[in-house]
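The values are calculated or read from the model by the stated rules, or taken from the named source; none is laboratory data. Computed from a prediction, not measured in an experiment: that's the story for all the values here. A quick note on method: Cβ atoms are made from the backbone with ideal geometry, for glycine too, and the neighbour counts reach across all protein chains shown.
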């Protein structure tokens, strides 16, 4: 698990994704940029309480992702799970 600090550069729409087990979950992709101009997509998934953490994120917000998981699936990205925390500004 990793911790990520960045600035929200782009906020995607909330999408409904069908998982391998047939269940559906909501997901929002957020493009983050750091002070070196490195960018990465963070996929924020619906939590067990049916909320999407950080759903109020907007361009220019500083975001902190705690206990995120790095992924190489279809390029480098970050995924958040129920164990992850999101803090804005």
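Couple of notes before you dig in:
- Residue check, residue 67 surrounded by fewer than 17 Cβ atoms within 10 Å (Cβ to Cβ), free of Cβ contacts under 8 Å to residues at least 12 places away in the same chain and out of contact with any strand residue (DSSP E or B) (no Cβ under 6 Å at 6 or more places or on another chain): no
- All positions within region 23-55 that are modelled with pLDDT under 90 and part of a loop (DSSP other than H, G, I, E, B): 23, 46, 47, 48, 49, 50, 51, 52, 53, 54, 55
- Residue under evaluation residue 50, criteria (1) more than 13 Å from the chain's Cα centre (by Cα); (2) surrounded by 17 or more Cβ atoms within 10 Å (Cβ to Cβ), criterion not met: (2)
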